[in-house]
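See structure below.
The values are calculated or read from the model by the stated rules, or taken from the named source; none is laboratory data. Model, not experiment: these values are computed from the prediction. Every residue, glycine among them, receives a Cβ derived from its backbone with ideal geometry; neighbour counts consider all protein chains shown. Keep in mind that these areas ignore ligands, DNA and RNA; they rest on the heavy atoms of the full protein, side chains included. Shrake-Rupley method; radii C 1.70, N 1.55, O 1.52, S 1.80 Å.
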Amino acid sequence: MAMACQRRFMVASERPPLIGLNEVAVGMPVPEWLATRFRDLTSTRDAELILPRGSSLSPTQAHKIGLVDSLYASRSEMDDAIHSDFNSCRVSARAQQETIRGLRRQFLDYFDTCFDQDTELFWQAISSHETQTAIGNALAQLKAKSRKPN
């Protein structure tokens with residue numbers, strides 16, 4: 001969802017969250033439109049190295065490749081910066097929206113053309129025993145991790 005946003009922020013704390021597309025890690029192909037968006041935000045080479053592995057990235061790694069625009073030390077620092085950004089914007093919101101729409105029109109058209117094919121690939125993958133096993137293993141790992149004391 002973050003890749004659809006005009007700006008992307010993360011907090012790089014002591015226990016930072018991870019960001020990435022983990023479809024491959026659970027036996028699913030990354031939809032073509034989503035891989036294209038990832039590539040558009042980062043680079044072809046970063047997409048080729050990261051997506052086939054289903055890798056998750058730290059905030060610093062995500063920022064380095066362009067997946068995240070800004071990093072902050074705390075949530076309150078991020079909130080203050082976002083608030084300041086919105087308040088200091090002196091241009092027309094409508095003009096901004098139409099400009100962004102124009103910039104993304106080609107991608108949105110591409111998304112529409114890929115939708116049926118990506119949906120079919122999704123159902124094939126999600127229905128496979130291999131994917132069901134991988135998802136089950138991932139859920140078991142998350143469940144075990146959530147039981148560990150901090």
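A few comments on the model shown:
- Region 93-150 - residue that is open to solvent by 60 Å² or more (accessible area, probe 1.4 Å) and not in a helix (DSSP H, G or I) and, of those, farthest from Arg39 (Cα to Cα): Pro149
- Some residue of region 69-76 being assigned to a loop (DSSP other than H, G, I, E, B), surrounded by fewer than 17 Cβ atoms within 10 Å (Cβ to Cβ), in contact with a Lys or Arg (Cβ under 9 Å, 6 or more places away or on another chain) and not hydroxyl-bearing (Ser, Thr, Tyr): yes
- Screening region 12-22 for residues that are of a type in the set (Gly, Ala, Ser) and part of a loop (DSSP other than H, G, I, E, B) and picking the one that is farthest from the chain's Cα centre (by Cα) gives Ser13.
- Residue in region 124-141 that is modelled with pLDDT under 90 and over 22 Å from Val24 (Cβ atoms) present: no
- Residues that are within 12 Å of the chain's Cα centre (by Cα), without any contact (Cβ under 8 Å) to a residue 40 or more places away in the chain and assigned to a loop (DSSP other than H, G, I, E, B), drawn from region 23-67: Glu23, Val30, Thr42, Gly54, Ser55, Gly66
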